[in-house]
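Participant: I am attaching a structure below and will ask some questions about it afterwards.
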Amino acid sequence: MEKQEKLAMHTSNLADRNFAALEAMFPNAVTETVDENGEVIRAIDAEVLAQEINTHVVSGIEERYQFTWPDKKKSLLLANAPIAATLRPSREESVDFDDTENLYIEGDNLDVLKLLRETYLNRVKMVYIDPPYNTGKDFVYEDDFAEERSEFLNRDRQYDEQGNRLTPNFDSNGRFHTDWLNMIYPRLRVARDLLTEDGLIFISINDREVKNLMKICDEIFGERNFVADLIWANHEGGGSSDSKLFRIKHEHIICYSKSLESVDILGVPVNNEDRYKSQDEYVSERGKYYLQKLGMGSIQYSSSLDYPILAPDGTNVMPADNNGGRKACWRWSKQKFDWGVENGFIEIKKDSKGVWTVYTKQYLNCDNEGNIITRTQRPMGIINEYSSTQASKMLENMGMGSFFNYAKPVELINYLCKRLNSKDHIILDFFAGSSTTAHAVMQHNAEDGGNRRFIMVQLPEVTEENSEAYKAGYNNICEIGKERIRRAGQKIKEEAGLTAQKLDTGFRVLKLDSSNMKDVYYTPEEYSQMGFNLEGFMDNIKPDRSDEDLLFQVMLDLGIPLSAKIERDGKVFNVNDNYLIAYFDSVDISTITEIAQKQPYYAVFRDSSFINDSALVNVEQIFNTYSPSTIRRVL
């Protein structure tokens, strides 16, 4: 039976109808604005509309080149605003906590990026993110802390532990673009600070927001630092489910640099089946080759390069013979030619017309000086070697195939990683999702012996109760991402065998939380130098915080990498071989003396831990005796 349409049972919304009519006639006048209550609503730009219906220039706001939207200034303020938060370690969820240099951080990525900003300023070589695409179905972060937590709890469980709300951004929403722009803008502002001068950021996006994203990136990174709009042909078979009129089978990967003048993009290895088809006894070392004529008429004539070459039948071959009788010379000098003959770089044979022709062998893995090389070509702006099907199959093979619908293939991220001319750097993904980026980094290191480290950041979004992930025991996306890294690391090591014995497949789990300090706004500047008296001392640390929690907040505040090597001797923490020594238990003179004798760069104590006046009074004297250059701090 054919489905029947239901009666609306109410009158039509004339405001919607009128707005749609104006939008159809004057799409350039459709915008979003803020009403008297501070709410972002749909609107018609009256000045634009007035200009459309007038035959003269209508006066109004002074025109200038700009890209703006409601609450843009608030987004900028949000990017710069300080926060009172910390990252707490979770050993039980980590892998190789004491030895790994990789990080997996749970929490709202804007707050996490702010916490990382000082410590990782100019230290991240590559950022890759795959943010919400704003398809009309995505959830986006709503960075609004005005509501009470009880209100968050009534919103379909779409919130994180810090109360950052996730709201569905349907395309019928009056602030459809505004919400997405306000979400992505402050995060990119902070991410730029983390990039090295020669660093690159890659951002996956669809057709719907690519224009706005590029305008934002032009503003944040500078239009001159635009690198490329890479097109990734991501679907096999039919087009995207969002396709209209045309089958859309691609996505964009927008690439910007921190400073384009400093960037070095590695080329793509030349395909072995392209031009390099011939081989000789040197194939194992030099690879295959193709032939190129030694006689070239296009170069400037030089008498020193015009000499006879002995053919196999005893006749002499001149450059003009290889150039149709026209005046010419060889590309190589006589001395280099003799070297080429001796080392197998020259081939002399008759061409299709029966004329003796002199060729040089152009090897794939060896230049014409005899140097072993990897021959590359500039990477294409269209990437069509990898498909989303690969990602699905890989997850299925790992027993996680039904947990993610839109995961990127490892091969795609690996391809981007290989464009960086370094084997020892940090790669950041602050929309980590299924942790494809972490998988790609480990795989890349296994392939070339590199020491790249990853930092994954992901909001612990809850899984739907009817989802396969929830049924499998995963309560949030972070749990899935961490398990994916565990399984991927184990599989990579098994496949690589002995060559992967030193491969770092571990990760430290850190979780965003409020400051360790009680009811105070805590910043690095509020560290107190030694010299206090005991009067008024109080324990200002929250009771549920461990010594290791305090250590990681100290590391953040002092700019020490969160992957730093940590050794523990009883209750004494030693970070990066005496760079920092921290002690948060009862402090007496003997403990202070023992730490001072190790001459750390930093020594940090807990202000309420000095057991008596004598310990506090003598601390300055003890350090001045054994390590006067040590910087002392208390918290």
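Participant: Looking at the stretch 563-587 only, could you name the residues that are closer than 22 Å to Pro543 by Cα and part of a loop (DSSP other than H, G, I, E, B)?
Facilitator: Passing the criteria: Gly570, Lys571, Phe584, Asp585, Ser586.
Participant: Let me ask something else. Determine whether Ile611 is closer than 25 Å to Leu562 by Cα, touching a strand residue (DSSP E or B) at 6+ places or on another chain (Cβ under 9 Å) and hydrophobic (A, V, I, L, M, F, W, C). Quick ask: steps written out before the conclusion?
Facilitator: Numbers: closer than 25 Å to Leu562 by Cα: no; touching a strand residue (DSSP E or B) at 6+ places or on another chain (Cβ under 9 Å): yes; hydrophobic (A, V, I, L, M, F, W, C): yes.
No.
Participant: Assess whether Ala488 counts as being in contact (Cβ under 8 Å) with a residue 60 or more places away in the chain, out of contact with any Lys or Arg (no Cβ under 9 Å at 6 or more places or on another chain) and of a type outside the set (D, E, K, R). Full working, then the answer.
Facilitator: Numbers: in contact (Cβ under 8 Å) with a residue 60 or more places away in the chain: yes; out of contact with any Lys or Arg (no Cβ under 9 Å at 6 or more places or on another chain): yes; of a type outside the set (D, E, K, R): yes.
Against the criterion (in contact (Cβ under 8 Å) with a residue 60 or more places away in the chain, out of contact with any Lys or Arg (no Cβ under 9 Å at 6 or more places or on another chain) and of a type outside the set (D, E, K, R)), Ala488 qualifies.
Participant: Condition check: crowded, with 17+ Cβ neighbours inside 10 Å and either in the same structural domain as Glu118 (by TED's automatic domain parsing) or at pLDDT below 90 (or both). Does Glu251 satisfy that?
Facilitator: The answer is yes for Glu251.
Participant: Moving to a separate point now. For the stretch 587-608: of the residues being polar (S, T, N, Q) and out of contact with any strand residue (DSSP E or B) (no Cβ under 8 Å at 6 or more places or on another chain), which is surrounded by the fewest Cβ atoms within 10 Å (Cβ to Cβ)? Outline the logic, then answer.
Facilitator: Step one: list which residues in the stretch 587-608 are polar (S, T, N, Q), which gives 590-591, 593, 597, 599, 608.
If we keep only those that are out of contact with any strand residue (DSSP E or B) (no Cβ under 8 Å at 6 or more places or on another chain) too, we end up with 590, 593, 597, 599.
Numbers: Ser590: 10, Thr593: 15, Gln597: 12, Gln599: 15.
Per the stated criteria, the residue is Ser590.
Participant: Same structure again: Can you tell me which of (1) in a helix (DSSP H, G or I); (2) closer than 25 Å to Leu194 by Cα; (3) in contact with a Lys or Arg (Cβ under 8 Å, 6 or more places away or on another chain) is the one Ala391 doesn't meet?
Facilitator: With (1) in a helix (DSSP H, G or I); (2) closer than 25 Å to Leu194 by Cα; (3) in contact with a Lys or Arg (Cβ under 8 Å, 6 or more places away or on another chain) applied to Ala391, the lone miss is (2).
Participant: Checking Thr374 against (1) among the β-branched types (Val, Ile, Thr); (2) at pLDDT 95 or above; (3) not in a strand (DSSP E or B), which single condition isn't satisfied?
Facilitator: For Thr374, the failing item is (2).
Participant: Give the residues of the stretch 588-608 that are more than 21 Å from Ile541 (Cα to Cα) and acidic (Asp, Glu), sorted by residue number.
Facilitator: Glu594
Participant: While we're on this one: When residues of the stretch 464-492 are filtered for being under 24 Å from the mean Cα position of the chain (by Cα) and not aliphatic (A, V, I, L, M), how many remain? Can you show your working first?
Facilitator: Pass one, the stretch 464-492, residues under 24 Å from the mean Cα position of the chain (by Cα): 476-492.
This time we only want the ones that are not aliphatic (A, V, I, L, M), so: 476, 478-479, 481-484, 486-487, 489-491.
So the count comes out to 12.
Participant: Could you please let me know if Ala233 is modelled with pLDDT of 90 or more and among the small types (Gly, Ala, Ser)? Give the derivation first.
Facilitator: On the way: modelled with pLDDT of 90 or more: no; among the small types (Gly, Ala, Ser): yes.
No; evaluated as a whole, the condition is false for this residue.
Participant: Give me the residue from the stretch 301-328 that is polar (S, T, N, Q) and in a helix (DSSP H, G or I) and, out of that set, surrounded by the fewest Cβ atoms within 10 Å (Cβ to Cβ). Don't jump to the end; show me each part of the working.
Facilitator: Looking only at the stretch 301-328, we keep the residues that are polar (S, T, N, Q), and these are 302-304, 315-316, 322-323.
Next, only the ones that are in a helix (DSSP H, G or I) stay: 303-304, 322-323.
Values: Ser303: 7, Ser304: 9, Asn322: 23, Asn323: 16.
Across the stretch 301-328, the extreme among qualifying residues is Ser303.
Participant: Can you name the residue in the stretch 440-490 that is among the hydrophobic types (A, V, I, L, M, F, W, C) and at pLDDT below 90 and is also farthest from Leu121 (Cα to Cα) among such residues?
Facilitator: Of all residues in the stretch 440-490, those among the hydrophobic types (A, V, I, L, M, F, W, C) come to 440-442, 446, 454-457, 459, 462, 469, 472, 477-478, 480, 485, 488.
Going one step further and asking which of them are at pLDDT below 90, we end up with 462, 469, 472.
On the way: Val462: 31, Ala469: 36, Ala472: 39 Å.
Selected residue: Ala472.
Participant: Restricting to the stretch 329-361, count the residues that are of a type in the set (S, T, N, Q), free of Cβ contacts under 8 Å to residues at least 12 places away in the same chain and either within 20 Å of Thr315 (Cβ to Cβ) or in a loop (DSSP other than H, G, I, E, B) (or both).
Facilitator: Let us first name the residues in the stretch 329-361 that are of a type in the set (S, T, N, Q), namely 333, 335, 343, 352, 357, 360.
Among the residues that remain, those that are also free of Cβ contacts under 8 Å to residues at least 12 places away in the same chain are: 335, 352.
Now narrow it down to the ones that are either within 20 Å of Thr315 (Cβ to Cβ) or in a loop (DSSP other than H, G, I, E, B) (or both): 352.
The qualifying residues number 1.
Participant: Quick one: count up the residues across the stretch 429-463 that are in a strand (DSSP E or B) and either without any contact (Cβ under 8 Å) to a residue 24 or more places away in the chain or within 14 Å of the chain's Cα centre (by Cα) (or both).
Facilitator: Of the stretch 429-463, the ones in a strand (DSSP E or B) are 429, 453-458, 462.
Within this subset, residues satisfying the condition of being either without any contact (Cβ under 8 Å) to a residue 24 or more places away in the chain or within 14 Å of the chain's Cα centre (by Cα) (or both) are 429, 453-458.
Matching residues across the stretch 429-463 total 7.
Listed here are the residues, each with its yes/no results for (1) modelled with pLDDT under 85; (2) in a helix (DSSP H, G or I).
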{"position": "Leu87", "(1), (2)": "no, no"}
{"position": "Arg117", "(1), (2)": "no, yes"}
{"position": "Gly136", "(1), (2)": "yes, no"}
{"position": "Tyr141", "(1), (2)": "yes, no"}
{"position": "Asp156", "(1), (2)": "yes, no"}
{"position": "Asn173", "(1), (2)": "yes, no"}
{"position": "Tyr185", "(1), (2)": "no, yes"}
{"position": "Val190", "(1), (2)": "no, yes"}
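Participant: From the list Lys493, Lys418, pick out the single residue that is of a type in the set (Lys, Arg), over 23 Å from Leu116 (Cα atoms), touching a helix residue (DSSP H, G or I) at 6+ places or on another chain (Cβ under 6 Å) and surrounded by fewer than 23 Cβ atoms within 10 Å (Cβ to Cβ).
Facilitator: Values: Lys418 fails: touching a helix residue (DSSP H, G or I) at 6+ places or on another chain (Cβ under 6 Å).
The unique qualifying residue is Lys493.
Participant: On to the next question. From the list Lys518, Lys511, pick out the single residue that is among the basic types (Lys, Arg) and at pLDDT 85 or above.
Facilitator: Details: Lys518 fails: at pLDDT 85 or above.
Residue meeting the stated conditions: Lys511.
Participant: Which one of Ile382, Ile373, Ile427, Ile346 is crowded, with 21+ Cβ neighbours inside 10 Å and of a type in the set (A, V, I, L, M, F, W, C)? Break it down stepwise before answering.
Facilitator: Values: Ile382 fails: crowded, with 21+ Cβ neighbours inside 10 Å; Ile373 fails: crowded, with 21+ Cβ neighbours inside 10 Å; Ile346 fails: crowded, with 21+ Cβ neighbours inside 10 Å.
None of the others qualify; the one that does is Ile427.
Participant: Tell me the residue from Glu285, Glu261, Glu281 that is under 30 Å from Asn212 (Cα atoms), modelled with pLDDT of 85 or more and of a type in the set (D, E, K, R), please. First the steps, then the outcome.
Facilitator: Values: Glu285 fails: under 30 Å from Asn212 (Cα atoms); Glu281 fails: under 30 Å from Asn212 (Cα atoms).
Sole residue among the options that is under 30 Å from Asn212 (Cα atoms), modelled with pLDDT of 85 or more and of a type in the set (D, E, K, R): Glu261.
Participant: Can I ask one more? How many residues are crowded, with 17+ Cβ neighbours inside 10 Å, over 13 Å from the mean Cα position of the chain (by Cα) and more than 26 Å from Ala407 (Cα to Cα) if we restrict to the stretch 194-218?
Facilitator: 1
Participant: A further question follows. Does the stretch 204-213 include one or more residues that are at pLDDT below 90 and on the phi > 0 side of the Ramachandran plot?
Facilitator: Looking through the stretch 204-213, none of the residues is at pLDDT below 90 and on the phi > 0 side of the Ramachandran plot.
Participant: Would you check if there is a residue in the stretch 543-565 being at pLDDT 95 or above and exposed (fewer than 14 other Cβ atoms within 10 Å of the Cβ)?
Facilitator: Yes.
Participant: On to the next question. Which condition number does Glu63 fail, the rest of (1) modelled with pLDDT of 75 or more; (2) surrounded by fewer than 13 Cβ atoms within 10 Å (Cβ to Cβ) being met?
Facilitator: Among (1) modelled with pLDDT of 75 or more; (2) surrounded by fewer than 13 Cβ atoms within 10 Å (Cβ to Cβ), Glu63 violates only (1).
Participant: Further question: Output the residues belonging to the stretch 94-124 that are in contact with a Gly (Cβ under 9 Å, 6 or more places away or on another chain) and polar (S, T, N, Q).
Facilitator: Across the stretch 94-124, the qualifying residues are Ser94, Thr100, Asn102, Thr119, Asn122.
Participant: Among the candidates Ser402, Ser392, which residue alone is more than 20 Å from the chain's Cα centre (by Cα), surrounded by 14 or more Cβ atoms within 10 Å (Cβ to Cβ) and in contact (Cβ under 8 Å) with a residue 24 or more places away in the chain?
Facilitator: Details: Ser392 fails: in contact (Cβ under 8 Å) with a residue 24 or more places away in the chain.
After applying the criteria, what remains is Ser402.
The values are calculated or read from the model by the stated rules, or taken from the named source; none is laboratory data. On a predicted model such as this, the values are computed, not experimentally measured, just so you know. All Cβ positions, even for glycine, are placed from backbone atoms using ideal geometry, and neighbour counts span all protein chains on display.
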